[in-house]
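I have placed the structure first, in the form of structure tokens, so that the comments after it can refer back to it.
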Amino acid sequence: MKRIESKQNALVKHWKKLVSAKKERDKTGEYIVEGFHLTEEALKNKDQVIHIIKREDVEIPREWSLDDVYLVEVTDSVAKEIAETETSQGIFAHCKQREISGSEQAKWSKVLLVDSVQDPGNIGTMIRTADACGIDAVILGKGCADLYNPKTLRSAQGSHFHLPVIRGNLAEWIEKLKERHIPVFGTALENAVDYRKLDKTESFALLVGNEGSGVHQALLEKTDQNVVIPIFGQAESLNVAVATGILLYKFME
């Protein structure tokens, strides 16, 4: 086990950049998760783990298997440098971003497409919901919050380890899915049918959009059918993550 005591250590500086900067995460293909739950989920995918980092006063749970995992112990001051939460549990995993092959992507038949959703909490919640529903994959389009943003990871609660999540051009993805005869359903207020009236379909792609402006019109024009969730009270709209959960469970019935 390696021990690091200085905040000036090159590895500590690298970890700090991974937490704070999307540019660093994109350049290196690496990221940090924080807390016991997310670190435990990371350990279930050891091929993606570079380091497990623990504060010097933290005890590793006995049931965790650290075989073939590089463990680094750090001081309290170093742990505070890389912690994103105010009351850190003092345990972190330094991970590699998952690579997903084209052959794997070709097998997806139940897909969530996300257009310009900017709030990391919403992105994480939708990933977690898609995981719970048994969706094959989530595709984040232009303008979406970063999958590896610490807030996104915290909201997803480890679900990014369970199902593929990629960035992609949604217009191109809609065309690919339609070529495979997978119907694409958009979410819209106009020219849309009540989601409760939809017939069951074995495969589908659901397209959801920005918290304020919804899905871009150019994408809605490419869908097979657009759907709406009726509002019975006085609220102007539903939170995008809540709406996504309602629709995904409907499609998975």
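The values are calculated or read from the model by the stated rules, or taken from the named source; none is laboratory data. What you see is a predicted model, and the numbers here were worked out from it, not measured in a lab. With ideal geometry, Cβ positions are generated from the backbone for all residues, glycine too; neighbour counts draw on all protein chains shown. Keep in mind that these areas ignore ligands, DNA and RNA; they rest on the heavy atoms of the full protein, side chains included. Shrake-Rupley method; radii C 1.70, N 1.55, O 1.52, S 1.80 Å.
List of remarks:
Residue-wise test of (1) at pLDDT below 95; (2) touching a His at 6+ places or on another chain (Cβ under 9 Å); (3) open to solvent by 10 Å² or more (accessible area, probe 1.4 Å); (4) closer than 20 Å to Gly29 by Cβ.
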{"site": "Val111", "(1), (2), (3), (4)": "no, no, no, no"}
{"site": "Asn122", "(1), (2), (3), (4)": "no, no, yes, no"}
{"site": "Ile139", "(1), (2), (3), (4)": "no, no, no, yes"}
{"site": "Trp173", "(1), (2), (3), (4)": "no, no, yes, no"}
{"site": "Lys176", "(1), (2), (3), (4)": "no, no, yes, no"}
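- Restricting region 5-56 to residues that are within 21 Å of Gly124 (Cα to Cα) and polar (S, T, N, Q) leaves a set whose member that is least open to solvent (accessible area, probe 1.4 Å) is Thr39.
- Taking the criterion of being more than 14 Å from Ser109 (Cα to Cα), without any contact (Cβ under 8 Å) to a residue 60 or more places away in the chain and open to solvent by 30 Å² or more (accessible area, probe 1.4 Å), the only residue of region 178-189 that qualifies is Leu189.
- For region 199-220, residues that are touching a strand residue (DSSP E or B) at 6+ places or on another chain (Cβ under 9 Å), in a loop (DSSP other than H, G, I, E, B) and more than 17 Å from Val111 (Cα to Cα) total 1.
- The residue pairs whose first member lies in region 151-165 and is within 11 Å of Asn122 (Cα to Cα), whose second member is of a type in the set (A, V, I, L, M, F, W, C) and part of a helix (DSSP H, G or I), and whose beta carbons are closer than 6 Å, counting only pairs six or more residues apart or on different chains, are Thr152/Ile123; Ala156/Ile127.
- Selection of first residues in region 68-86 that are of a type in the set (A, V, I, L, M) and of second residues that are open to solvent by 50 Å² or more (accessible area, probe 1.4 Å) and in a helix (DSSP H, G or I), restricted to Cβ pairs under 9 Å at least 6 apart or on distinct chains, gives the following pairs, ordered by first then second residue: Val69/Lys46; Val74/Glu81; Ile82/Lys16.
- When Ala83, Ala79 are checked against the criterion of being open to solvent by less than 20 Å² (accessible area, probe 1.4 Å), of a type outside the set (Phe, Trp, Tyr) and under 20 Å from Arg154 (Cα atoms), a single residue qualifies: Ala79.
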